[in-house]
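None of the figures in this text is laboratory data; all of them are computed from the coordinates on show. Because the structure is predicted, anything quoted here is derived from the model rather than measured. Virtual Cβ from ideal backbone geometry, glycine too; neighbours counted across all protein chains shown.
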2 protein chains.
Amino acid sequence: MLVGISDSAFTESLNLAHKAAQFGADAVVITPPYYFSSGQPELLEYLKRIMVQMPLPLFIYNMPVHTKVMFAPETVRAAAEIPGIIGMKDSSANLAYFNQVQYLLKHRPDFTFMVGPEEITAEFVMMGGHGGVNGGANMFPKLYVDLYNAAVAHDMTKVIALRDKVLQISTTIYNVGKFGSSYLKGLKCALSVMGICNDFMAEPFHRFNEPERKIIQEALEKLDYKSLL
Amino acid sequence: MLVGISDSAFTESLNLAHKAAQFGADAVVITPPYYFSSGQPELLEYLKRIMVQMPLPLFIYNMPVHTKVMFAPETVRAAAEIPGIIGMKDSSANLAYFNQVQYLLKHRPDFTFMVGPEEITAEFVMMGGHGGVNGGANMFPKLYVDLYNAAVAHDMTKVIALRDKVLQISTTIYNVGKFGSSYLKGLKCALSVMGICNDFMAEPFHRFNEPERKIIQEALEKLDYKSLL
């Protein structure tokens, strides 16, 4: 169980980490502070300073779409030397970047690489990445585990077939409406249709209304979703 | 006294607003939530919902460099109808954008427009903007007030002379080193050199070290800064 503790304020991230520890999380995940952009030396020092008070192991989270800042490959290499930093989640979707980081960290097979966008989990794992943090696994854990296993086994036929399902999910569940948050809205709505959880969203976002909900419902049927459970 | 309450979390912005009210602020200033980008209808609804619980008048703060999202001109027009929203601070530095917003709000002379970047305060005020929130005024309030008055009086000779000083400050105080935060570091350092306040900065940023401090000191001397006080 990994808990996100990203915040623009140092102390708020630590507060979230302490809450996460209190409730039994295994590790926490942090992006760069995402209001005023920081430089690479600042990022590295930030990690060093925050780790002194961090109650749990930490993954650094590369999420440039939201944070505007990348952890440069050299920064990741240096961060991996900080006690308590055990891995990275990369949501840049930039496999060339990942290759670079991975190459720089060849000497650290214990450092864990996770990928964000589920659409590229297979490629990422086939290239030596360790796994994915896949939103869709909230709906269909088996599908994403099967995809992971096929990728580890380099079973391309199976990878291609399973990835097709993942791309169908991505295209028909995550892309309803013209919202920047269509991915989140679609995922929450699908989970609600499936009876897994309710579709409440934090401000400033709101659940889909009936028309979009109907589209999600149809998309789930076209996926023959019960066969995926 | 305007206090910033921008946060990615709705409740945290409200907490900050209540603190600001408790300590006697006149109004608060809010950007769009700046992690997951929101669309214009979401932004408008967000403002409507947060204003229900807002203890102080509010300025919306257009700051796309940090938030990635602009308040579209139509969103500003609609936001100006929400009780309690009394004005806007625009730090886009995009005067074409400002012109558009101002044109749409011709019918609302009570709605206050403030500008962020001090380098364009004069142009902004000459075009009917109401003033600037100028970082440099922490060092040299008289200079920025004189510039404002010259702009209001359309005294171009004076505007050009004073703006030259403002640009000298901008070039020599705000651009030391290759930091994304050079502006903040330089301003804090100059204030410290002048004995106005200490140069502590919030994480992940840090004060300038001695070599940069020396550069700032020299820049202040070249500005003949005591003549500006």
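Listed values, structure above:
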{"read-out": "Chain B: angle of helix B:95-104 to the longest principal axis, Cα-based, in degrees nearest 10", "value": "30 degrees"}
{"read-out": "Helix-only mean residue ellipticity at 222 nm for chain A, each DSSP H run of n ≥ 4 adding -39500 (n - 2.57), per residue, nearest 500", "value": "-14000 deg cm²/dmol"}
{"read-out": "Number of partner chain Cβ atoms within 10 Å, mean per residue of A:198-205", "value": "5"}
{"read-out": "Relative contact order (%) - criterion: Cα under 8 Å, at least six apart; region: segment A:177-229", "value": "31 percent"}
{"read-out": "Gaussian network model of chain B, Cα within-10 Å springs - most flexible of B:GLU203, B:GLU119, B:GLU74", "value": "B:GLU203"}
{"read-out": "In range of the label at B:ALA202: residues from segment B:15-51 whose backbone nitrogen is under 16 Å from the point 7 Å along Cα→Cβ", "value": "B:15-21, B:28-35"}
{"read-out": "Lysines whose Cα lies under 17 Å from that of B:LYS106, excluding same-chain neighbours fewer than 8 positions away", "value": "B:LYS89"}
{"read-out": "FRET E, pair A:ASN138, A:ASN209, Förster distance 22 Å, beta-carbon r, rounded to 0.05", "value": "0.55"}
{"read-out": "Extension gain from B:GLU218 to B:GLU74, taking 0.36 nm per residue of separation minus the Cα-Cα distance", "value": "47.2 nm"}
{"read-out": "Spin-label model distance (nm) - B:PHE23 vs B:VAL65, 7 Å beyond Cα toward Cβ", "value": "2.5 nm"}
{"read-out": "Two-decimal log10 I(q)/I(0) for segment A:173-213, as the Debye equation yields it once each C-alpha is a single scatterer, q = 0.25, 0.29, 0.33 Å⁻¹", "value": "-0.79, -1.05, -1.28"}
{"read-out": "Charge dipole of segment B:7-115 about the Cα centre (unit charges at C-beta), most positive-ward option of B:VAL76, B:VAL28, B:TYR103", "value": "B:TYR103"}
{"read-out": "Check: segment A:1-115 dipole with +1 on Lys, Arg Cβ and -1 on Asp, Glu Cβ, in debye", "value": "100 debye"}
{"read-out": "5 angstrom amide H check on B:VAL115, placed H, neighbours 5+ away", "value": "B:ASP90, B:GLY131, B:GLY132, B:VAL133"}
{"read-out": "For chain A: span of alpha carbons on each principal axis (Å, largest first)", "value": "49, 42, 32"}
{"read-out": "Normalised contact order of segment A:11-97, rounded percent, pairs of Cα under 8 Å and 6 or more residues apart", "value": "33 percent"}
{"read-out": "Size of the protein assembly as shown as Cα extents on the principal axes (Å, biggest first)", "value": "75, 53, 37"}
{"read-out": "Protection proxy ranking of B:138-145, A:21-28 - average other beta-carbon atoms within 10 Å, highest first", "value": "B:138-145, A:21-28"}
{"read-out": "Label-point gap, in nm, between A:GLU123 and B:ASN15 - each point 7 angstrom along Cα→Cβ", "value": "4.0 nm"}
{"read-out": "Kirkwood Rh, Cα atoms: Rg over Rh of segment A:110-153", "value": "0.94"}
{"read-out": "About the Cα centre, charge dipole magnitude for chain A (Lys/Arg +1, Asp/Glu -1 at Cβ), debye", "value": "120 debye"}
{"read-out": "Three semi-axes of the equivalent ellipsoid, segment A:152-229, Cα gyration tensor, whole Å, largest first", "value": "25, 13, 11"}
{"read-out": "Chain A, relative contact order [Cα under 8 Å, separation at least 6], %", "value": "11 percent"}
{"read-out": "Hits among lysines - C-alpha to C-alpha of A:LYS214 under 21 Å, sequence gap 8 or more where chains match", "value": "A:LYS165, A:LYS178, A:LYS185, A:LYS188, A:LYS222, A:LYS226"}
{"read-out": "Largest-first ellipsoid semi-axes for segment B:1-115, taking √(5λ) over the Cα gyration tensor eigenvalues, angstrom", "value": "21, 16, 13"}
{"read-out": "10 Å Cβ neighbours from other chains, averaged over peptide B:34-42", "value": "6"}
{"read-out": "Between helix A:141-152 and chain A: long-axis angle, C-alpha atoms, 0 to 90°, nearest 10", "value": "60 degrees"}
{"read-out": "Point-charge dipole on Cβ atoms (K/R +1, D/E -1) for segment A:144-229, about Cα centre, debye to 20", "value": "80 debye"}
